[in-house]
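Here's the structure we're looking at; comments come further down.
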Amino acid sequence: MGTRAITAAFATIMAISPWLTAGEAYAANGAYAVDAADISEVGSCKVESWMSAATNSDFSAVANPSCVVNPFKPVELSLLTNRARSDGDWSTTIAPKAKMNIVPTGIGKFGFSFYAGGAFDALTGENLTAFAVVPATFRLSDTMRINLNGGWLWDRPSDRHYLTYGFGFDWKFTEVLQWTIEAFGQAGAADIPSVVHPRFQTGVRYRPNEIFSVDLIYGRNITGENANWITLGTTIRFPVPEGKPARERTGHL
């Protein structure tokens, strides 16, 4: 079941976690907010990490280890940790999440999955949010796909419920480079107007092999603060020994 991959992944996160402790976020595809419907192979693991800085001095440092297990059906389990500064105040949050593919993706058809989770204050243990999302992916070709997300978010401190949405487009335009553009947000009542304004990210991923990739991303209003962001992220993958490469097995870009 990929025990060595699981052990290696969590050893890596323990090595990088001392400089993280967390804020508010849950990951989709690395630092991108709009998720694809695919999940990885059972027994494989990965560690996504990124740092984001905003023009208003907000900051976020994230580590997100995940592994795919098969208790009755393949499920991707992740535990995002985020150390964030917002309006000069530091916070640490932890966000567990479980994701399951419902309908596999394929060229010319939609695939669907479902994920749910929550976020907790790492210092007080207070439950901050709960969320559930249905990602849908339509693959146009082996190198292009459209991702659509729809879901629900509960902001527990304000006791407000939001409809969440997202639209993303991925294009693998060379063997090692992928471009992503996405718009996303949440609809509902908010004291600060920018919280419910649309959010935007676009960036380039460099993936020289099946193990490692790096992302450079520009974002606008990505946490509802009406600022510009630059994000640098990496992903380290721990595939199943003798397993097929992800892009051969599922059409992952």
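Of note:
- Applying the Karplus relation 6.51 cos²θ - 1.76 cosθ + 1.60 with θ = phi - 60° to segment 205-217 yields 3J(HN,Hα) values of 10, 9, 10, x, 7, 7, 8, 10, 8, 9, 10, 10, 10 Hz, where x marks Gly and Pro.
- For segment 22-135, the gyration tensor built on C-alpha atoms gives a prolate shape. Its axis ratio a/c (a ≥ b ≥ c) is at least 1.5, and a/b is the larger of a/b and b/c.
- Among Ile146, Gly117, Gly168 the positive-end extreme of the charge dipole of segment 3-249 (Cβ point charges): Ile146
- Size of segment 3-249 from its Cα atoms: along the principal axes, largest to smallest, the extents are 50, 37, 34 Å.
- For segment 3-249: relative contact order, % (alpha-carbon pairs under 8 angstrom, 6 or more apart): 17 percent
- Violating pairs (Cα-Cα greater than 21 angstrom) within the set Lys46/Lys109; Lys99/Lys172; Lys73/Lys99; Lys46/Lys97: Lys46/Lys109; Lys99/Lys172
FYI, it's all coordinate maths here, none of it is from the lab. As the structure is a computational prediction, the values presented were derived from the model and not from experiment. A quick note on method: Cβ atoms are made from the backbone with ideal geometry, for glycine too, and the neighbour counts reach across all protein chains shown.
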